[in-house]
1. Give me the net charge of B:Ser238's neighbourhood, meaning all other residues with Cβ under 15 Å from the Cβ of B:Ser238; Lys, Arg count +1, Asp, Glu -1.
2. Sort B:Ser66, B:Ser412 so the one with the fewest other Cβ atoms within 10 Å of its own Cβ comes first.
3. Output wanted: per-residue J couplings in Hz (rounded whole) for region B:182-196, from phi through Karplus 6.51 cos²θ - 1.76 cosθ + 1.60, θ = phi - 60°, x for Gly and Pro.
4. Once every Cα of chain B carries one equal point scatterer and solvent is ignored, give the base-10 log of I(q)/I(0) from the Debye formula at q = 0.10, 0.11, 0.14 Å⁻¹, two decimals.
5. Please report the antiparallel percentage of the DSSP beta bridges confined to the protein assembly as shown, to the nearest 5.
6. Calculate one ³J(HN,Hα) per residue across region B:243-253 by plugging θ = phi - 60° into the Karplus curve 6.51 cos²θ - 1.76 cosθ + 1.60, and present them in order as whole Hz with x for glycine and proline.
7. Report, to the nearest 10°, how far helix B:397-419 tilts away from the longest principal axis of the Cα atoms in chain B, using its own Cα long axis and a range of 0 to 90°.
8. Out of B:Leu129, A:Ile30, A:Thr55, whose Cα points farthest toward the positive end of the dipole of the protein assembly as shown (charges: +1 Lys, Arg; -1 Asp, Glu; placed on Cβ)?
Amino acid sequence: MKQSVIELVKLLSLSVPFVFAAVTVQSDEIDLPSEILEIVGDPEYGEYLASDCKTCHKVTGSAPGVPSIMGVSKRDLVIALHAYKQNVRKNPVMRMMAKRLSNEEIAALAAYFEGLN
Amino acid sequence: MKLDRRNFIGSSAAIAAALSAPTVMASGKPRVVVVGGGAGGATAARYIAKDSKGAIDVTLVEPTRSYYTCFFSNLYIGGFRTLDSIGHSYGNLATEYGINVVHDWAVGIDRGAKTVTLAGGSTLNYDRLILSPGIDFIDGSVEGWTINAQNKMPHAYKAGSQTELLKAQIEAMPQGGVFAMVAPPNPYRCPPGPYERISMTAHLLKAKNPTAKIIVADPKPKFSKMGLFQEGWGNHYSGMIDWIGSEFGGGNVSVDPDAMTVTIDGEVTKVDACNVIPAMKAGRICEIAGITEGNWAPVSGHTMQSRIDENIHVLGDASAQGDMPKSGYSANSQAKVAAMAVRGALTGSKVFPAKFSNTCWSLIDTNDGVKVGATYEATDEKIAKIDGFVSKTGEAADLRKATYEESIGWYSGITADMFG
């Protein structure tokens, strides 16, 4: 019993950084002009674009190694994607994915994912 | 009474209705039949059913009840996954998405009548047909090997019992024994797959049979992630792996499954286990449908529609589409474009420009993961690569570990995206 509790704690401590942390955004991470932050995205287009994200990011729950982005706030997702697009964030898969997205497409994705609460 | 478009058009109202939703008006709910329940077919069926919200009847034809993914099957060989962990059933697709899942083989397609015949004898009508059958092997491509030899020299390139058999044969090798692989010529399913398999075989042998040798006879002069694999083989499995490329006679190969010998450029070697991965072609149902040119089924990148029959979409390994590698990730990506196009054609839903992507992760040894990826767009000619990346040699151990962990997350994500 004690052993299984220890195992559970180990498991949780291992998975917590992946499950909860990765979509947090530092306020000074990148400088985005307010007109980019204020673009109103089309959630229907966002839903189509998001099908690309769902290959790795699960719709329900999450998995180690790939953070959950469901229900993340619009502002955080816009900042995170622009940080990849500007090569501030490092992951090469995400840099590549973000690079081809226009400002409007990033806004569309953010509008869609925010609605998945 | 069965209506078709020719006798249906009678009034302007009818014409308007026919233009907005022709198939709905012609035969009740439009019907989509999907053949093949892998990364292409399962994803397409799920997206069409989910996004059409019951407006389209979706039937998925897949022979197996438990589907084992080819991706991550090498990790089973290496001991990093159980076979159960890469097995999936179709229960959610049936109960949560209302997909009619039929476990049978598609054996005939009548493109004129728009029907699919199943081995069990029944016939399915379709308005749109999606073929995602994966690969079959080209007879005679490896001298001495036929499909009848697959128990002595497994291909293990369709996952499941073949993978289990290959792993058992590797584990049964005598100390200091020889494992041989005959690698396939381009193009084939999962470009880094054979080399990840070599890595996982070496990982398994290193622990249990460290004096064993691995020989790879390869008809190609180079292969996917070659620098990364060769660096990793040197780091982890020094002196164990002998890769013989085409420049050194690796393409001049024959096998004798009864004698368990492999002959490479005239030199006969007695082997204890042998993995023959023959040359590949589109799954046979594409040939039966008459939509292949050469070994593959050509498609338009905008919609994944066959260039020979616009009522058929071909996904994944079986398609000839341009620059995308034949991978589960590619098939999943193509399935979403096809699902959108099919819904647009059958229900008038909005269609956006096609976008594709792919990433292939490979495991070289414990916590030593590498990846290669690219984005793509549709042109009139083909699916064309836009941009890409590949892991670098000499990367730090923590980055390689993060790459491996990312691949585990991806596996969980893509299988949820396929099977719900």
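Read-outs: derived from the displayed coordinates by stated rules, not from any lab. Bear in mind that the values here come from a model prediction, so they are computed numbers and not experimental data. Reconstructed Cβ throughout: ideal geometry from the backbone, glycine too, with neighbour counts over all protein chains shown.
1. That works out to -2.
2. Fewest-to-most ranking of B:Ser66, B:Ser412: B:Ser66, B:Ser412.
3. 9, 7, x, x, 5, x, 8, 4, 6, x, x, x, x, 7, 5
4. -0.70, -0.83, -1.25
5. Rounded to the nearest five, the antiparallel share is 55 percent.
6. Computed from phi, the couplings for region B:243-253 are 8, 10, x, 4, 5, 10, x, x, x, 9, 9 Hz.
7. In chain B, helix B:397-419 runs at an angle near 30 degrees to the longest axis.
8. With unit charges placed on the Cβ atoms, the residue in question is B:Leu129.
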